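The values are calculated or read from the model by the stated rules, or taken from the named source; none is laboratory data. Predicted, not measured: the structure shown is a model, and the values here were computed from it. FYI the Cβ positions are ideal-geometry reconstructions off the backbone, even for glycines, and counts take in every protein chain you see.
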Amino acid sequence: MDKCAIRDAATMIVLRDRASDPRVLMGQRGARAAFMPSKFVFPGGAVDAADSDVPFGRPLARPCADRLAEDSRCPAAGLAAAAIRELWEETGQQIGRPGAWPDAPPGWRGFAATGHLPDAAPLHFVFRAVTPPGRPRRFDARFFLAEAEALTTNPDDFSRAEDELSGLRWVRLAEARALDLPFITEVVLAEVAAGLDRPGKPAHVPFFRNDDERHLITQLGGNSPLDRV
């Protein structure tokens, strides 16, 4: 596979205690990781081929699905499924609904073994960004926000997590930007902080395009570029 090709990806932001002490779930990538080594990030990764065909306990809300479909060839359901799967793999945290899934594909079997189907209904599509040119790997990442109340697991138990992220913890929004973060994670954190008093689906979704010749932010759910460049 061409490592310079842009891969579809999904990232999950889990927000805890929005009204009282807002925190987000983050972990640190390994120092030898090919992509963003040593950086603190949200759980996420590339969409797998099987993600578009997984059954949901509840589907993604229509406004989010419509915005995910804008300027995209990757199915909205596959993006939502990838975000849920990556959250499960990297943190051991689960967003699901009770249900039997006897024929789960590889990558989903541990999730299915808990007696749950992925639940896309709590996910809100809040940001999209393409990795800038010149990086060893490039992703077209869609960021989803979910409240910790949607978790079917103990939010403080990371014992089922794989080892891709270390130091998993709930980070206060007010303190998160002091960590060693990728630039785009800083931008997304600012968007999350700005939306704390507006729970639910955002009116528009920023799209950080990172075109070859310019870095332009447009709006999904709207038709005009933003003034931020």
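Here are the numbers for this structure:
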{"read-out": "Single unsatisfied condition, residue 121 versus (1) surrounded by fewer than 20 Cβ atoms within 10 Å (Cβ to Cβ); (2) out of contact with any strand residue (DSSP E or B) (no Cβ under 6 Å at 6 or more places or on another chain)", "value": "(2)"}
{"read-out": "From the options 92, 99, 44, residue that is buried (at least 20 other Cβ atoms within 10 Å of the Cβ) and either touching a residue at least 24 places away in the same chain (Cβ under 8 Å) or on the phi > 0 side of the Ramachandran plot (or both)", "value": "44"}
{"read-out": "Failed item, numbered, when residue 138 is tested on (1) touching a Cys at 6+ places or on another chain (Cβ under 9 Å); (2) among the basic types (Lys, Arg); (3) closer than 15 Å to residue 86 by Cβ", "value": "(3)"}
{"read-out": "Residue tally, condition hydrophobic (A, V, I, L, M, F, W, C) and surrounded by fewer than 16 Cβ atoms within 10 Å (Cβ to Cβ), over the stretch 64-89", "value": "1"}
{"read-out": "Boolean, residue 37 is under 25 Å from residue 175 (Cα atoms), without any contact (Cβ under 8 Å) to a residue 40 or more places away in the chain and not polar (S, T, N, Q)", "value": "yes"}
{"read-out": "Filter result (without any contact (Cβ under 8 Å) to a residue 40 or more places away in the chain and under 18 Å from the mean Cα position of the chain (by Cα)) within the stretch 178-192", "value": "183, 186, 190"}
{"read-out": "Residues of the stretch 86-116 that turn out to be charged (D, E, K, R), part of a helix (DSSP H, G or I) and out of contact with any Gly (no Cβ under 6 Å at 6 or more places or on another chain), as a count", "value": "3"}
{"read-out": "Elements of type strands (runs of 3 or more DSSP E) contained in the stretch 118-217, each with 2 or more residues being aliphatic (A, V, I, L, M)", "value": "124-130, 138-147, 165-172"}
{"read-out": "Test: residue in the stretch 163-174 that is crowded, with 17+ Cβ neighbours inside 10 Å, modelled with pLDDT of 90 or more, among the hydroxyl-bearing types (Ser, Thr, Tyr) and closer than 19 Å to residue 83 by Cα", "value": "no"}
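Condition check ((1) among the acidic types (Asp, Glu); (2) touching a strand residue (DSSP E or B) at 6+ places or on another chain (Cβ under 6 Å); (3) under 20 Å from residue 96 (Cβ atoms)) across all residues:
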{"site": "132", "(1), (2), (3)": "no, no, no"}
{"site": "136", "(1), (2), (3)": "no, no, no"}
{"site": "144", "(1), (2), (3)": "no, yes, yes"}
{"site": "172", "(1), (2), (3)": "no, yes, no"}
